[in-house]
Amino acid sequence: MDRQTAREIIANAMIPTEGTSYMGGLEDQPILASSSGSIVIDTEGKQYLDFQSGQMGAALGHQHPRIVRRITETMHTLLHATNTMPNVPRLSLHAKLSELLARPLQTCGAACS
């Protein structure tokens, strides 16, 4: 996407912000197009060390093969499920967490009855 197209979209399709606000001046910022590891790349090919993507990008990086594989598997099996019914991914997560967490953080299970 070229800078002029981005400026038009920002001007016509986004809620305006003051230039001094947190999100102000978006039209002058690089336009990110792709990412890999801890690097993001803008539409002009310039690379930046990603300090702004939040917890996911900072902790996991972008397009990590294990994360991409797991997301792809999930999309082909069970992308979203209600929390009012058990599902295999959720049960597997709880089982793994119960192995890793210290005793005070585990439930007492049947011993509470």
Contacts under 6 angstrom Cβ, first residue in the stretch 43-63 being on the phi < 0 side of the Ramachandran plot, partner modelled with pLDDT under 75 and not polar (S, T, N, Q), 6 or more apart: ASP50/GLY57
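Filter the stretch 13-52 for residues that are charged (D, E, K, R) and part of a loop (DSSP other than H, G, I, E, B) and give the result.
Matches in the stretch 13-52: GLU18, GLU44, LYS46, ASP50.
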Any hit, the stretch 76-85, residues being of a type in the set (Val, Ile, Thr), part of a helix (DSSP H, G or I) and exposed (fewer than 12 other Cβ atoms within 10 Å of the Cβ): yes
Whichever residue in the stretch 35-46 is of a type outside the set (Val, Ile, Thr) and surrounded by 13 or more Cβ atoms within 10 Å (Cβ to Cβ) and, among such residues, is modelled with the highest pLDDT: ASP42
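The values are calculated or read from the model by the stated rules, or taken from the named source; none is laboratory data. Note that the structure is a prediction, hence the values are computed from the model and not measured. For neighbour counting, all protein chains shown are included, and Cβ atoms are generated from backbone atoms with ideal geometry for every residue, glycine included.
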